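Take a look at the structure set out below.
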Amino acid sequence: MTEACQQISRQIHATVSTVKQHLIKVFRKLKVWRRSDLRLEHRQ
């Protein structure tokens, strides 16, 4: 996840920490604990 967060942070001009914090909040709201789980949840 770190490499993806670095790419996102460069694109939106934010820190990697900020990107990670926002992703964590989104994952919690969706009740998803890993990025791989997110893909599985939304395919169904």
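The values are calculated or read from the model by the stated rules, or taken from the named source; none is laboratory data. Bear in mind the structure is a predicted one, so any value in this text is a computation, not a measurement. Cβ: placed from backbone, ideal geometry, glycine included. Neighbour counts: every protein chain shown.
R10 - would you say it is modelled with pLDDT under 95 and of a type in the set (K, R)? When the stated conditions are applied, R10 does not pass them. Every condition in (1) modelled with pLDDT under 90; (2) in a helix (DSSP H, G or I) is met by V32 except one, and the failing one is (2). In region 18-32, the residues that are of a type in the set (A, V, I, L, M) reach residues that are part of a helix (DSSP H, G or I) and modelled with pLDDT of 90 or more with C-beta atoms within less than 6 angstrom, at least six apart or across chains, in these pairs: V19/C5; V19/I8; V19/S9.
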